[in-house]
Amino acid sequence: MKQLAILISGRGSNMKAIAEACQNGVLKGVANVRIVISNNLKAKGLETARAMNIPTAAIASKDKSRLEFDRALLRFLKEIDVDYIILAGFMRRLTKEFTDAYPQRIINIHPADTRQHRGLGAYEWAWENQLPDTKITVHYVNDKIDDGQIIAQANVDLNGVQSLAEVEARGLKVEHQFFAQALKTIFEN
Ligand code: GRF
């Protein structure tokens, strides 16, 4: 079983979908959420994880430099045995020092084709450009924003959407199913 640390900053709906997949879905017997870590002490996802009996930790990034935060996170992670670090709505760029410590072991989900749109506001971008579809990208993480090697992509049909909220709802529905499925493929290969 692959042991996962999931890093979040907020809502944590992708974290929840992965944790559910580990407990009772496509990742059952394949992976286990060892811990959920947030850089934001108030992240709603921390409560969600606790309600699912998953260990949580918060390491505040506020008032820390990028390197200070990453070193604190590294020190913490060294104490627990994890195979993969999963970024699920983790809103920080990581330093090279951090990403070099886990080569091909840090995986992120981004709600657009990372060759077309990186950073915040991916669903807004799809909505404002009236795209007929968009892509969800699961990729390895390097020290640049949404830049690492693409592992898998899933299409989101946006035909007929009437609002940004609808774009997000359709996208998240795909994210929640696709992230766990993509991780399963990675872990089994
Ligand atoms: C998701 O759209 C994810 O793709 C992006 O940030 C959002 C996080 O949502 N990286 P949640 O915290 O998983 O609900």
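The values are calculated or read from the model by the stated rules, or taken from the named source; none is laboratory data. Because the structure is a prediction, the values reported are computed rather than measured. Note that each Cβ is placed from the backbone with ideal geometry, even for glycine, and that neighbours are counted across all protein chains shown. Protein only, heavy atoms only, side chains kept; ligands, DNA and RNA dropped before computing areas. Shrake-Rupley method; radii C 1.70, N 1.55, O 1.52, S 1.80 Å.
For the reader, a short list of remarks on this structure follows.
- Stretch gain in nm, segment residue 166-residue 105, where the contour uses 0.36 nm per residue and the Cα spacing is subtracted: 18.7 nm
- Only Lys, Arg (+1) and Asp, Glu (-1) charged, at Cβ; the range 2-188 dipole about Cα centre in debye: 500 debye
- Per residue, the Cα convex hull of the range 1-63 amounts to 62 Å³.
- Cα coordinate range in the chain, projected on the principal axes (Å, largest first): 49, 37, 32
- Pairwise FRET efficiency - residue 187 versus residue 67, Cβ, R0 = 25 Å, nearest 0.05: 0.25
- Within-14-Å neighbourhood charge of residue 21 [Cβ basis; K, R +1; D, E -1]: +1
- Per-selection Kirkwood Rh - the range 1-108 (Cα, Å, 1 d.p.): 13.8 Å
- Distance from the range 93-145 to the range 17-42 (C-alpha centre basis), Å: 20 Å
- Helix-only arithmetic for the chain: the sum of -39500 (n - 2.57) across DSSP H runs with n ≥ 4, divided by the residue total, places the mean residue ellipticity at 222 nm at -11500 deg cm²/dmol.
- Neighbour-limited loop hits for GluC sites (Glu not before Pro), the range 39-120 (at most 12 other Cβ within 10 Å; DSSP other than H, G, I, E, B): 79
- Relative contact order for the chain, counting Cα pairs under 8 Å that sit 6 or more residues apart, in percent: 21 percent
- Share of carbon and sulfur in the accessible heavy-atom surface of the chain [1.4 Å probe, %]: 47 percent
- Surface exposure of the chain, expressed per residue as accessible area with a 1.4 Å probe, stands at 50 Å².
- Note on the range 1-96: with charges restricted to the Cβ of Lys and Arg (+1) and Asp and Glu (-1), its dipole about the Cα centre is near 300 debye.
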